[in-house]
Amino acid sequence: MSQNQVIQDKQPVALWLVFLTEMWERFSYYAMRSILILYMVYLLQMDKTGAANIYGTFTSLVYLSTLLGGFLADRYLGQRWSIILGSVLIASGMFVMSVPTMGMLQLAMGLLILGNGFFKPNVTAIVGQLYEKDDPRRDGGFTIFYMSVNIGAFFGPLAVGYFAAQNNYKAAFWIAGIGMLIGLATFLFGQKKYLAGKGLPPAEKPVFYKDPALWAVFLGACVIALYMKGCHTAAWICAAAVVLGYAAYMKMRKQPETKNQAPLTTEEKHKIAVIAIMAFFTIFFWAAFEQAGAALNLFAYEYTNRVITLGSWSWEIPANWFQSLNPLYIVIFAPLFSKLWINLAKKGKEPSTPAKFVVSLWLLAAGFAVMLLGAFALIGNAKISLFYLAFTYLFHTFGELCISPVGKSMVTKLAPARYVSLLMGVWFLSNAAANKLAGVYSGYFQKISNVQFFLWLVVVPLLVSGILLMSMKDIKKWMHGVH
């Protein structure tokens with residue numbers, strides 16, 4: 001115990017290696033994502049509706065592909081090789097996308113989807129491996145790691161914006177690709193020294209082509225792609241066939257009980273159930289939070305006074321610049337939250353993971369309460385102060401810091417060792433579902449009044465937090481002592 005108290009204030013050096021790798025990957029991804037629809041519409045001359053549909057399908061599959069990447073890492077590749085493979089695929093996708101044809105665009109998107117699938121769940125899983133299950137530095141470490149995402153997200157669009165404005169998309173995508181290569185080089189140079197024994201392939205691997213779970217996941221990915229393409233009936237039929245076929249096969253086949261394939265214990269099943277339950281609650285958080293890119297962006301453009309005047313000089317802040325507030329707030333406040341969790345743990349007062357989720361929903365509701373006040377202030381053609389949005393994003397950032405890094409940390413604590421990356425992929429499914437719901441609800445912006453629109457975004461998180469509070473006792477019981 002005394003030894004743990006000595007080291008608990010200092011994060012592992014390996015965390016900074018993973019931090020830099022993730023930062024450059026996010027730089028690359030958000031640089032590309034910030035100009036993707038502009039590239040499709042203004043250079044490839046696609047119609048806006050078609051471009052938006054492709055964009056939505058692409059970003060959804062980026063999340064869904066984490067299931068396949070996490071599965072392959074857990075059973076075959078290990079996290080390190082998956083990160084390396086994902087980095088190569090992502091960089092290749094960026095360079096291919098710089099060739100302005102529809103064929104190259106589709107190929108590039110395929111590479112980026114697969115690359116993110118291999119990279120995203122496994123770089124997060126590596127962070128979890130740096131800590132013991134009960135290490136109080138864990139949540140703080142994930143909060144610091146989360147800073148890397150936002151540093152990359154903040155600078156990526158800035159780095160390519162000028163070139164995109166000049167219609168030089170080739171240079172923009174090359175910058176994104178080079179950013180990923182820098183992240184890959186960083187990881188390659190530091191992995192042997194700082195990740196000794198971490199992220200290695202499993203000692204026992206199923207025979208690749210005989211692995212029924214692999215075929216089930218592969219076919220499941222095909223079904224998801226079919227659904228995203230709009231073939232809903234065919235997708236549901238194929239999904240049912242895959243599930244029934246896999247269940248029948250596993251019932252008839254006697255599997256050898258190895259350490260990597262042993263049946264789950266009751267405690268492990270409980271912990272996996274907690275991951276699924278908490279993933280369900282996060283959907284409500286992110287569905288509201290992701291209004292930032294759609295409804296709140298439109299609100300900034302149409303209802304916010306963005307003009308700054310100094311004497312005879314005046315300038316109007318671009319509406320989309322408000323999107324930079326969230327990553328900026330993250331970078332500023334993430335270290336404070338990291339320190340907060342450690343200090344509370346020392347005093348024995350650190351909230352449990354479900355309690356942090358409840359707080360995040362309260363903060364989310366508080367942010368939209370600010371927008372609700374702003375909606376009431378809209379009279380006639382008046383516009384509200386930009387500080388309404390600034391404070392809304394501040395509350396939302398505080399909520400994000402209580403749920404996103406903490407949630408990823410929870411998965412690595414609760415998941416059985418042989419399923420960490422796969423369950424991290426399952427965790428990212430909640431983001432995919434939430435983004436879809438966010439788009440559906442954003443469609444009601446200006447179809448209902450602003451007061452009604454923001455009122456529901458206050459009420460629903462509060463109701464969900466109440467349900468979570470009532471369920472907390474049972475959830476904590478199923479966590480079996482994991483804080």
Practice task
Assess whether F357 counts as being open to solvent by less than 40 Å² (accessible area, probe 1.4 Å) and assigned to a helix (DSSP H, G or I).
Solution key: yes
Practice task
Taking the residues in segment 1-28 that are at pLDDT below 80 and of a type in the set (A, V, I, L, M) as candidates, determine which candidate is surrounded by the fewest Cβ atoms within 10 Å (Cβ to Cβ).
Solution key: M1
Handout entry: Which listed residue is within 30 Å of K10 (Cα to Cα) and either at pLDDT 85 or above or basic (K, R) (or both), from G115, G152, G140
Key = G152
Handout entry: Unmet criterion (only one of (1) at pLDDT 85 or above; (2) open to solvent by 10 Å² or more (accessible area, probe 1.4 Å)) for A288
Key = (2)
Exercise for the section: Run down K339, K408 and say which single residue is part of a helix (DSSP H, G or I) and within 18 Å of the chain's Cα centre (by Cα). Expected result: K408
Practice task
Working only within segment 176-195, note down all residues that are under 18 Å from G152 (Cβ atoms), open to solvent by less than 50 Å² (accessible area, probe 1.4 Å) and touching a helix residue (DSSP H, G or I) at 6+ places or on another chain (Cβ under 6 Å).
Solution key: A176, G177, G179, M180, G183, L184, T186, F187, G190
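Per-residue answers, yes or no, for (1) open to solvent by 10 Å² or more (accessible area, probe 1.4 Å); (2) assigned to a helix (DSSP H, G or I); (3) not small (G, A, S):
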{"position": "Y30", "(1), (2), (3)": "yes, yes, yes"}
{"position": "I37", "(1), (2), (3)": "yes, yes, yes"}
{"position": "S60", "(1), (2), (3)": "yes, yes, no"}
{"position": "G69", "(1), (2), (3)": "no, yes, no"}
{"position": "I90", "(1), (2), (3)": "no, yes, yes"}
{"position": "G103", "(1), (2), (3)": "yes, yes, no"}
{"position": "G117", "(1), (2), (3)": "no, yes, no"}
{"position": "V123", "(1), (2), (3)": "no, yes, yes"}
Practice task
Inspect segment 188-195 for any residue being closer than 20 Å to P100 by Cα and of a type in the set (D, E, K, R) and give the result as yes or no.
Solution key: no
Fill in the blank from the handout: Exactly one of L455, L462, L468 is part of a helix (DSSP H, G or I), under 30 Å from I126 (Cβ atoms) and touching a Leu at 6+ places or on another chain (Cβ under 8 Å), and that one is L468
Fill in the blank from the handout: A295: passes all of (1) open to solvent by less than 10 Å² (accessible area, probe 1.4 Å); (2) modelled with pLDDT of 80 or more but (2)
Exercise for the section: Could you tell me which of the residues L364, L394 is within 30 Å of Y301 (Cα to Cα), crowded, with 22+ Cβ neighbours inside 10 Å and modelled with pLDDT of 90 or more? Expected result: L364
Handout entry: Any chance L386 is closer than 23 Å to I330 by Cα and surrounded by fewer than 21 Cβ atoms within 10 Å (Cβ to Cβ)
Key = yes
Exercise for the section: Check T304 against each of (1) under 26 Å from K408 (Cβ atoms); (2) open to solvent by less than 10 Å² (accessible area, probe 1.4 Å) and name the one condition it does not meet. Expected result: (1)
Practice task
With the checklist (1) surrounded by fewer than 15 Cβ atoms within 10 Å (Cβ to Cβ); (2) part of a loop (DSSP other than H, G, I, E, B) in hand, flag the one item F376 doesn't pass.
Solution key: (2)
Handout entry: Options L401, L414: the member that is within 14 Å of the chain's Cα centre (by Cα) and either open to solvent by less than 40 Å² (accessible area, probe 1.4 Å) or closer than 17 Å to F285 by Cβ (or both)
Key = L401
Fill in the blank from the handout: Of the residues in segment 133-170, those that are in contact (Cβ under 8 Å) with a residue 12 or more places away in the chain, over 24 Å from I332 (Cα atoms) and open to solvent by less than 70 Å² (accessible area, probe 1.4 Å) number 4
Fill in the blank from the handout: Only one of (1) more than 20 Å from V459 (Cα to Cα); (2) open to solvent by 10 Å² or more (accessible area, probe 1.4 Å); (3) among the aliphatic types (A, V, I, L, M) does not apply to V274, and that is (2)
Handout entry: Only one of N435, N381 that is at pLDDT below 90, open to solvent by 50 Å² or more (accessible area, probe 1.4 Å), in a helix (DSSP H, G or I) and farther than 30 Å from E132 by Cα
Key = N435
Exercise for the section: Of the numbered conditions (1) in a helix (DSSP H, G or I); (2) more than 28 Å from G140 (Cα to Cα); (3) open to solvent by 40 Å² or more (accessible area, probe 1.4 Å), L429 fails exactly one; give the number of that condition. Expected result: (2)
Fill in the blank from the handout: When every residue in segment 342-354 that is among the polar types (S, T, N, Q) and more than 21 Å from the chain's Cα centre (by Cα) is compared, the one most open to solvent (accessible area, probe 1.4 Å) is N343
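The values are calculated or read from the model by the stated rules, or taken from the named source; none is laboratory data. Everything numeric in this text was worked out from a predicted model, so none of it was measured. Cβ: placed from backbone, ideal geometry, glycine included. Neighbour counts: every protein chain shown. With ligands, DNA and RNA removed, areas are computed over all heavy atoms of the protein, side chains included. Shrake-Rupley method; radii C 1.70, N 1.55, O 1.52, S 1.80 Å.
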